[in-house]
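J.: Please find one structure pasted underneath; my questions will follow.
Taken together, the values in this text are just the output of simple stated rules run on the coordinates, not laboratory data. The structure presented is a predicted model; accordingly, all values stated were derived computationally and were not measured. Every residue, glycine as well, gets a Cβ built from its backbone with ideal geometry; the counts of neighbours run over all protein chains shown.
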Amino acid sequence: MIRTTLASDTPALLALSEATGAFKPIEIQALREVLDDYHSSMKALGHRSVSYVLDGQPGGFAYYAPAAMTDRTWYLYWIVVDVRAHGRGIGTELMQYVEADVNASRGRLLLIETSSMPHYDSTRRFYAKLGYECTATIKDYYADRDDMVVFRKTLRAFPE
Ligand SMILES: CC(C)(COP(=O)(O)OP(=O)(O)OC[C@H]1O[C@@H](n2cnc3c(N)ncnc32)[C@H](O)[C@@H]1OP(=O)(O)O)[C@@H](O)C(=O)NCCC(=O)NCCS
């Protein structure tokens, strides 16, 4: 089941994100702030976060929001699945939920930023498999030899 992320999900979401080994400690700290800010203010400003509930516990989440000063462009900021459940289709279900929700909000374009580092190879394959196109690379963005890779997907076109 996928539902809106609750404030009580935060400890489990931080723990499962840390357990993937994909994120630096500073990124886990940033995630804590993102989730706290989401519940205190950003949800009311249009940001969205959904949790995948697995055996009654949060087993993953996705965080997304409209990009300021654009015509219906959205960003997926976070997607994480419990490492014990990788490769079972949960990430795909979360992405399908996000795309349907953004479509329902008349979103036009969905962007995702990720890293060029080898430990993100499978993450980049995940986005490519879901129809995302690599549209830009910013060399050395995160650190020397750690580029930002931007993926894009055009969503359903709506009449003006
Ligand atoms: C990327 C991620 C969200 C995908 O979730 P998932 O539930 O494992 O993905 P699904 O089962 O729906 O899709 C599997 C596909 O994703 C890719 N994939 C990415 N990571 C994988 C993993 N650890 N195990 C298996 N497949 C993985 C493969 O291409 C796979 O396709 P295949 O089955 O044809 O080989 C998840 O692996 C994850 O949490 N990774 C660490 C955090 C991360 O990198 N987040 C994105 C930051 S930009």
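J.: Which one, LEU45, LEU76, LEU14, has the greatest fluctuation when you compute a Gaussian network model over the chain with C-alpha springs under 10 angstrom?
T.: In this elastic network of the chain, the residue with the biggest mean-square fluctuation among LEU45, LEU76, LEU14 is LEU45.
J.: Per-residue counts of other Cβ atoms within 10 Å, averaged by peptide: what ranking do you get for 97-107, 117-127, highest first?
T.: 97-107, 117-127
J.: Something else: Show that you can apply the helix-only estimate: for the chain, add -39,500 (n - 2.57) for every DSSP H stretch of four or more residues, divide by all residues, and state [θ] at 222 nm to the nearest 500. Before the final figure, lay out the partial values.
T.: Working: 4 runs with 48 residues, N = 160.
The helix contribution divided over the chain gives -9500 deg cm²/dmol.
J.: Output ³J(HN,Hα) for segment 83-92: one whole-Hz value per residue in order, computed from phi by the Karplus curve 6.51 cos²θ - 1.76 cosθ + 1.60 with θ = phi - 60°, and x for Gly and Pro.
T.: These are the phi-based 3J(HN,Hα) values: 4, 6, 10, 5, x, 10, x, 5, x, 4 Hz.
J.: Right, something else. Pick out which of ARG48, ARG88, ARG32 has the largest mean-square fluctuation in a Gaussian network model of the chain, springs linking Cα atoms closer than 10 Å.
T.: Looking only at ARG48, ARG88, ARG32, the biggest GNM fluctuation is shown by ARG88.
J.: Per residue Cα convex hull volume for the chain, in cubic angstrom?
T.: 119 Å³
J.: Step through the residues of segment 52-58 one at a time and calculate ³J(HN,Hα) from phi using the Karplus curve (6.51 cos²θ - 1.76 cosθ + 1.60, θ = phi - 60°), rounding each to whole Hz and writing x for Gly and Pro.
T.: Running phi through 6.51 cos²θ - 1.76 cosθ + 1.60 with θ = phi - 60° gives 8, 9, 10, 6, x, 10, x Hz.
J.: Between segment 1-25 and segment 90-142, what's the alpha-carbon centroid distance in Å?
T.: 18 Å
J.: For the modelled label position 7 Å from the Cα of ASN103 along Cα-to-Cβ, which residues of segment 126-157 have backbone nitrogen atoms closer than 11 Å?
T.: Those under the cut-off are 155-157.
J.: Here's something else I'd like to know. Check ASP146: other-chain or 5+ apart residues with amide H under 5 Å from its amide H, H built from backbone geometry?
T.: Correct list: ASP140, TYR141.
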